[in-house]
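J.: Below is a structure I'd like to ask you about.
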Amino acid sequence: MRDDTRSVTRVSVSLEGYDSLTVPIHRASTIRYPDAASFAARFERSADGYVYGLYGTPTHRYLEKKITELQEGARTVLVPSGQAAVTCSILALVATGERVLIPDTVYGPVRDFATHELAALGIEAVFYDPLDLRALDSLINVRTRLVWTESPGSITLEMQDIPAIVLMAHAKGALVGCDNTWATPLNFRPIRHGVDIVAEALSKHFSGHSDLVLGSITTRDEALGLKLKACLGRLGIGTSPDDCVLLARGIETLTVRLERSNASALQIAPWLAGHPCVEMVIHPALPGNPGHEIWKRDFSGACGVFTFTLKEQYADRAFVALDSLQLISIGASWGGTKSLIAPSSVKALRTVRPWTGPDYLFRLSVGLEHPDDLKDDLTRFFAALTESERIEPRTAVGG
Ligand SMILES: *Cc1c(COP(=O)(O)O)cnc(C)c1O
């Protein structure tokens with residue numbers, strides 16, 4: 001064998017005695033077949049078998065199986081983002097001439113997708129008030145294929161009555177999908193409550209380190225899962241095994257990260273609620289919040305993501321004051337180790353249930369820093385907001 005040939009041929013390595021605790025990264029486009037007949041019959045391989053890199057390697061199978069287990073579902077498909085988890089669910093299940101119902105409080109880019117792509121495809125997307133079950137019921141007609149839910153809703157955190165929506169939709173032959181990103185299956189298991197299809201933005205709590213973008217779709221039954229898998233394969237949608245391994249690592253610490261950020265948030269949220277600059281704190285796990293009863297009934301816990309608003313007289317200085325934060329970063333996404341704040345305007349994003357509160361809401365994603373350091377940072381923010389006290393910058397924070 002010449003050197004150039006030798007350079008590209010594979011040598012086999014013994015795996016005997018190698019039993020690591022890690023999830024191996026299997027990268028592949030090509031899968032080799034032992035003979036021509038098995039190549040010819042490759043599409044008869046099982047849905048969990050291996051055909052081509054796009055359709056998954058053992059790394060993908062590991063993550064699919066792990067997420068399926070956490071969701072208590074039948075099958076999971078991985079997609080390149082949380083946004084794709086929502087859009088692909090709708091595209092795979094709803095046909096031209098059919099209707100999909102979408103909560104007014106849906107993750108913003110999903111609304112854009114509805115007005116652009118779904119409209120162009122002749123799929124009727126109707127937005128509904130997430131809290132008005134009677135109005136929702138009247139919108140479910142014979143052409144309604146899917147009722148999408150997201151609970152709590154994006155930014156304003158309205159809690160939907162998922163079991164009631166499931167009953168309503170199933171009675172009329174419609175499927176129910178749920179964007180479960182805020183809760184993760186550790187705090188809410190939509191499939192236990194009858195939901196047919198669960199989307200997760202894995203980029204958030206699951207990955208947990210703000211370093212990748214990935215999504216998952218888990219179905220309650222096998223047939224629906226196979227339908228999605230086939231559709232996504234035809235669309236050419238796949239994910240990187242490197243991202244999947246990082247994600248699998250993130251899952252190992254998901255419970256402790258969620259517990260810690262939730263506990264910190266439950267210290268910070270009431271403290272914020274009592275602050276003279278703050279008008280309102282929205283956090284479903286706080287007694288007295290509008291969605292609290294549903295949260296208590298259906299969810300087993302919360303995360304560190306919640307929203308607050310400022311009293312009107314501080315609105316003008318809010319952006320300048322945000323710039324005084326030293327530990328909490330300004331940025332989108334959430335669920336990472338580092339705390340984030342995102343000033344968000346939702347007025348233009350609500351067409352059915354108008355937002356009547358202040359223009360700007362401040363969504364906090366509480367990370368793993370000590371809650372007292374986060375309070376110190378927020379104290380800086382309030383000081384800048386009121387200009388009444390001067391707090392010397394602390395050293396050795398952030399980084
Ligand atoms: C972030 C988010 C998404 C989108 O996830 P990406 O991975 O960033 O595309 C979808 N739904 C909800 C509720 C989200 O918060």
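J.: Using 24 Å as the Cα-Cα cut-off, could you pick out the over-long pairs in LYS65/LYS338; LYS65/LYS227; LYS338/LYS375; LYS347/LYS375?
T.: Working: LYS65/LYS338 28 Å; LYS65/LYS227 17 Å; LYS338/LYS375 14 Å; LYS347/LYS375 28 Å.
Result: LYS65/LYS338; LYS347/LYS375 exceed 24 Å.
J.: For the range 261-275, just list the computed ³J(HN,Hα) in residue order, Karplus coefficients 6.51, -1.76 and 1.60, θ = phi - 60°, integers in Hz, with x standing in for Gly and Pro.
T.: 5, 5, 4, 5, 4, 6, 7, 6, 4, x, 4, 4, 4, x, 7
J.: Also, quick follow-up: What is the P(r) of the chain, as percent of Cα-Cα pairs per 10 Å bin from 0?
T.: 5, 21, 29, 23, 13, 6, 2, 0, 0
J.: Based on the Cβ-Cβ distance of SER333 and PHE39, what FRET efficiency does E = 1/(1 + (r/R0)^6) give at R0 = 41 Å, to the nearest 0.05? Don't jump to the answer; show the numbers that get you there.
T.: Working: r = 42 Å, r/R0 = 1.03.
The formula returns an efficiency of 0.45 here.
J.: Counting only heavy atoms of protein chains, what accessible area per residue, in Å², does the chain have with a probe of 1.4 Å?
T.: Values: 18810 Å² over 399 residues.
Per residue, the chain has an accessible area of 47 Å².
J.: While we're on this one: Using only Cα atoms and rounding to the nearest 10 degrees, what angle (0 to 90) does helix 222-235 make with the longest principal axis of the chain?
T.: So the inclination is approximately 80 degrees.
J.: May I pose another question? Report the full-extension gain for the segment GLU259 to THR386: residue separation times 0.36 nm, less the Cα-Cα distance, to one decimal in nm.
T.: Extending this stretch completely gives an extra 42.4 nm.
J.: To the nearest 0.05, how large is the calculated FRET efficiency for ASP221 and TYR52 if R₀ is 30 Å and r is the Cβ-Cβ distance?
T.: Given R0 = 30 Å and the Cβ-Cβ separation, E is 0.70.
J.: Quick one: which residues, 5+ away or cross-chain, put their amide H under 5 Å from the amide H of VAL195? H built at 1.01 Å from N.
T.: Amide H neighbours of VAL195, under 5 Å, 5+ apart: none.
J.: Follow-up question, since we're still on this one. Compute the acute angle (0 to 90°) between the alpha-carbon long axis of helix 162-171 and the principal axis of greatest extent of the alpha-carbon atoms of the chain; round to the nearest 10°.
T.: Between the helix axis and the principal axis of the chain, the angle is about 50 degrees.
J.: From largest to smallest, what semi-axes in whole angstrom does the range 254-389 give when each is the square root of 5 times an eigenvalue of its alpha carbon gyration tensor?
T.: 22, 20, 14
J.: Points 7 angstrom from Cα along the Cβ direction at ARG6 and SER29: gap in nanometres?
T.: So the two model labels end up 2.7 nm from each other.
J.: Now a separate question. Each residue of the range 112-128 in turn: what ³J(HN,Hα) in whole Hz from Karplus with 6.51, -1.76, 1.60 and θ = phi - 60°, glycine and Pro shown as x?
T.: Calculated HN-Hα couplings, in order: 4, 4, 5, 6, 9, 5, 5, 4, 5, 7, x, 9, 7, 9, 10, 8, 10 Hz.
J.: Between THR115 and VAL142, what is the label-to-label distance in nm when each label sits 7 Å out along the Cα-to-Cβ direction?
T.: Once both label points are built, they end up 3.2 nm from each other.
J.: Skipping prolines and chain starts, which residues have an amide H placed within reach, meaning under 5 Å, of the one on THR149, given they are 5 or more residues away or on another chain?
T.: Result for THR149 returns GLY177, CYS178, ASP179.
J.: Follow-up question, since we're still on this one. Highest GNM mean-square fluctuation, the chain, Cα pairs closer than 10 Å: which of GLY335, GLY301, GLY122?
T.: In the Gaussian network model the winner is GLY122.
J.: How do the peptides 102-111, 288-297 rank, highest first, by the average count of neighbouring beta carbon atoms within 10 Å per residue?
T.: Sorting 102-111, 288-297 by mean packing, highest first, produces 102-111, 288-297.
J.: Another question about this same structure. Which cross-chain or sequence-distant (5 or more) residues have an amide H under 5 Å from the amide H of GLU279, H modelled 1.01 Å from N in plane?
T.: THR309, LEU310, LYS311
J.: So what's the convex hull volume per residue for the Cα atoms of the range 22-252, in Å³? Don't jump to the answer; show the numbers that get you there.
T.: Details: hull volume 27.9 nm³, N = 231.
Enclosed volume per residue, from the Cα hull, is 121 Å³.
J.: With a 1.4 Å probe and all protein chains left in place, how much of the accessible area of the chain comes from carbon and sulfur atoms, in whole percent? If you can, show how the numbers build up before the last one.
T.: Values: 10150 of 18810 Å².
The C+S portion of the solvent-accessible surface of the chain is 54 percent.
J.: For the range 330-339, take each phi angle, set θ = phi - 60°, evaluate the Karplus expression 6.51 cos²θ - 1.76 cosθ + 1.60, and give the result in whole Hz per residue in order, putting x for glycine and proline.
T.: Calculated HN-Hα couplings, in order: 8, x, 7, 6, 5, x, x, 6, 9, 5 Hz.
J.: Oh, and also: Any idea what Rg and Dmax come out to for the range 41-139 if you just take the C-alpha atoms, in Å?
T.: 17.0, 51
J.: Packing-wise, with mean Cβ within 10 Å as the measure, how do 314-327, 196-209 rank, highest first?
T.: In decreasing order of mean packing, 314-327, 196-209 become 196-209, 314-327.
The values are calculated or read from the model by the stated rules, or taken from the named source; none is laboratory data. This structure is a prediction, so every number in the text was calculated from the model and none was measured. With ideal geometry, Cβ positions are generated from the backbone for all residues, glycine too; neighbour counts draw on all protein chains shown. Quick note on the areas: whole protein, heavy atoms, side chains included, nothing else; ligands and nucleic acids left out. Shrake-Rupley method; radii C 1.70, N 1.55, O 1.52, S 1.80 Å.
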